[in-house]
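Taking it in order: structure first as C-alpha cells, then the write-up.
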Amino acid sequence: MARGIIAVLSIGLTVFALADCVQTEDDKIRGIPKWVWIALVVLLPWVGPITWLVVGKDRPTRGGGEPPHRGGPTAPDEDPDFLRKLDDDIRRERRERTQGDQGDGTSGTDGPKSGPTGS
C-alpha cells in the first residue's frame with residue numbers, strides 16, 4: 001500500500017513539474033535550456049521535479065515585492081471619465097425635465113381660467 005502511495009505521489013509530482021516546465025516562458029527559465037529541464041524532470045524521479053520546482057524558474061518574491069499593478073480602472077465606478085459622463089447625463093436630464101415642466105403651462109401660476117359667463 002505504501003509503495004502505491006509513493007508511486008502515485010511520484011507520478012503526480014512529475015506531471016505537475018513537467019506541465020509547469022512546458023508552460024514556462026523561455027526567458028523565465030534559469031540555468032539550463034528548457035529541453036534539458038524537461039529531460040531531468042522525466043528521467044530523474046523525485047530529484048528532477050523537485051529541482052525544477054525549487055530552482056528551475058524565476059518566481060515572484062513573497063512579502064518583499066509590491067502587489068501587481070493593474071493598468072486602468074477595474075470597475076466603472078472607479079473610472080473618472082465614466083463618472084464625469086454619468087454626472088453630465090444626469091444634469092442634462094434634470095435640465096431637460098425642468099425646461100419641459102416650465103414650457104407646457106402646467107406650473108399653476110396663471111390662476112384659474114374663466115369660462116364664458118351665461119347670465
Exercise. Only loop residues by DSSP count here, and only those with at most 15 other Cβ atoms within 10 Å; note down the chymotrypsin sites (Phe, Trp or Tyr not before Pro) in region 1-61 that meet that.
Key: 46
Quiz item: What is the calculated FRET efficiency for residue 95 to residue 74, with r their C-beta to C-beta distance and R₀ = 25 Å, to the nearest 0.05?
Solution: 0.20
Quiz item: Label residue 88 and residue 102 with points 7 Å out from Cα along Cα→Cβ: what is the distance between them in nm?
Solution: 2.3 nm
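None of the figures in this text is laboratory data; all of them are computed from the coordinates on show. Nothing here was measured: the structure is a model prediction, and the numbers come from that model. Cβ sites come from the backbone with ideal geometry, for glycine too, and all protein chains shown count toward neighbours.
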